[in-house]
Amino acid sequence: MMVALFIFGMIASASVFLLRQSVEAEARSAVRLEEMGDLRRFSAILAQDMTLMLPRPSRDAVGSDRVALMSGDGLLLGFTRQVPQIDPQPGASSLQRVEWALVDGRLTRATAPKADGAATSAPVPILEGIESVQMRFRDRLGVWQPDWRPQRTDELPIAIELTLAQAGNPGAPLVMQFLVAGGGG
């Protein structure tokens, strides 16, 4: 009888151990899937912005001129994009100012309802857990540049590369490249 109880206890302990391992693996998988979903959403939003980016200079709220693509001084990217209008309202602009920034470990996106003179909305966090972002810009000659310094105010790069270092991920950083629809001109 004691042997049977001992064997039953061993089987019960092994079952509890296996169940706990299964639950922990499922929890880790759920976290990883959520992270992958966040990266895919970020990539989709930025790819859409790159597709709709226009080689159009703009003006800030004070009226000063801005180049078509701005980068630096805390701003990752600032540009004008076309806004698809399904049901345009009278006086609504078909252009929008978009600004991407890295703030406190979050990639944020802010928009302004017009390309010229309008203040941007409060930044919306799109991707969290980012330690650093390195950027490169491919010019019309096919050369990757660490900074975007256009020759003309309406010039855009052909492509933009982002290298993201993620917090808690000591592996290789994530490198993403995006084509710019209006670039190269």
Cβ-Cβ under 7 Å pairs, at least 6 apart or on other chains, the range 128-153 side within 23 Å of Gly74 (Cβ to Cβ), far side at pLDDT 90 or above and basic (Lys, Arg): Glu128/Arg106; Ile130/Arg106; Trp144/Arg136; Trp144/Arg138; Gln145/Arg136; Pro146/Arg136
For the range 51-71, indicate whether the set of residues that are assigned to a helix (DSSP H, G or I) and either farther than 19 Å from Glu128 by Cβ or of a type outside the set (D, E, K, R) (or both) is non-empty. yes
Hits in the range 73-122 (condition: assigned to a strand (DSSP E or B), free of Cβ contacts under 8 Å to residues at least 24 places away in the same chain and touching an Asp or Glu at 6+ places or on another chain (Cβ under 7 Å)): Gly78, Ala110
Those residues that are touching a Pro at 6+ places or on another chain (Cβ under 9 Å) and more than 20 Å from Leu75 (Cβ to Cβ), I need them from the range 154-168; list them, please. Gln166
Close pairs (9 angstrom Cβ cut-off, 6 or more residues apart or separate chains): more than 17 Å from Gly129 (Cα to Cα) in the range 23-37, loosely packed, with under 10 Cβ neighbours inside 10 Å and modelled with pLDDT of 80 or more anywhere: none
Is it the case, given these coordinates, that Ser58 is within 29 Å of Thr153 (Cβ to Cβ) and hydroxyl-bearing (Ser, Thr, Tyr)? yes
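The values are calculated or read from the model by the stated rules, or taken from the named source; none is laboratory data. Being a predicted model, the structure only gives us computed values, none of them experimental. Here Cβ is always computed from backbone atoms with ideal geometry, including for glycine, and neighbour counts include all displayed protein chains.
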